[in-house]
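Visitor: Submitted below is the structure of interest, expressed as structure tokens.
A short reminder: the numbers here are calculations on the coordinates, not readings from a lab. What you see is a predicted model, and the numbers here were worked out from it, not measured in a lab. Don't worry about glycine lacking a Cβ; one is built from the backbone with ideal geometry, like all the others, and counts go over all protein chains shown.
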Amino acid sequence: MNSALMAQQLLANLRGEPLNIIDTLTMEQRKDYNTVKQRLIEHFGKTEEHYRKLFREIKLAKNADLKRTVHDMRQNMTKWLQLANCNLDDPKQILDFFLIENVLINVTDAAFSFLKERKIKNEAELISNLTTYKDSHPNITMV
């Protein structure tokens, strides 16, 4: 099934607020399933950041159903990776994703903004951009 047909079937089933959201898209955008899906996800708060937060906040509890808790962790992590356009069939891409994520949560706000603006995709880009930031801000700490 192609993207236009999938979008058409999705749009045929929308009512109320979701349909109003789609009305903000151009006719060309409405024919692209991924654009329609992404717009709905963004509007209703189910973004990459939403699932990142859910994944990071899940904690094991003393009387919790551990199987369910781990399942929820996996689901939130998977959605987070998918929304970040991370190929789940590429282990290197997944490792790069978590490496970049770990650096981003450990640097200063200024370094975070610098790195985030560059939309870093892999370890080599991360190292290069960290070096650039460090060299251009010799008197400012990164962590």
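Visitor: Could you check the simple spin-label distance between M1 and Q75, using points 7 Å along Cα→Cβ, in nm with one decimal?
Guide: Spacing of the two 7 Å Cα→Cβ label points: 2.2 nm.
Visitor: Using 19 Å as the cut-off for backbone N distance, which residues of segment 60-94 belong to the label zone defined by a point 7 Å from the Cα of E125 along Cα→Cβ?
Guide: Answer for segment 60-94: 80-94.
Visitor: Per q in 0.13 Å⁻¹, report the Debye log10 I(q)/I(0) for the chain, using one uniform scatterer on each alpha carbon and no solvent.
Guide: The computed values of log10 I(q)/I(0) come out as -0.80.
Visitor: For segment 79-143, what is the per residue volume of the convex hull drawn over the alpha-carbon atoms, in cubic angstrom?
Guide: Values: hull volume 4.7 nm³, N = 65.
Dividing the Cα hull volume of segment 79-143 by its residue count gives 73 Å³.
Visitor: Still on this structure, I have one more. Of A110, H50, A4, which is farthest on the positive side of the dipole of the chain, counting Cα position, with +1 on Lys and Arg Cβ, -1 on Asp and Glu Cβ, and the Cα centre as origin?
Guide: H50
Visitor: Which entries in the list K46/K134; K46/K121; K92/K116; K67/K116 go over 29 Å, if you measure between the two C-alpha atoms of each? All intermediate terms of the calculation are to be shown ahead of the outcome.
Guide: Details: K46/K134 34 Å; K46/K121 22 Å; K92/K116 20 Å; K67/K116 35 Å.
From K46/K134; K46/K121; K92/K116; K67/K116, over 29 Å: K46/K134; K67/K116.
Visitor: Mind giving me the FRET efficiency for A110 and E42? R0 is 41 Å, r the Cβ-Cβ distance, nearest 0.05 is fine.
Guide: According to the calculation, E is roughly 0.95.
Visitor: Mind putting a number on the dipole of the chain about its Cα centre? Charges go on the C-beta only, +1 for Lys and Arg and -1 for Asp and Glu, and I need it in Debye to the nearest 20.
Guide: 480
Visitor: Taking every pair of alpha-carbon atoms in segment 3-43, give the share separated by more than 15 Å as a whole percent.
Guide: 26
Visitor: Return, ordered by residue number, the residues of segment 107-130 whose backbone nitrogen is under 14 Å from a label point located 7 Å along Cα→Cβ of H137.
Guide: 107-118, 129-130
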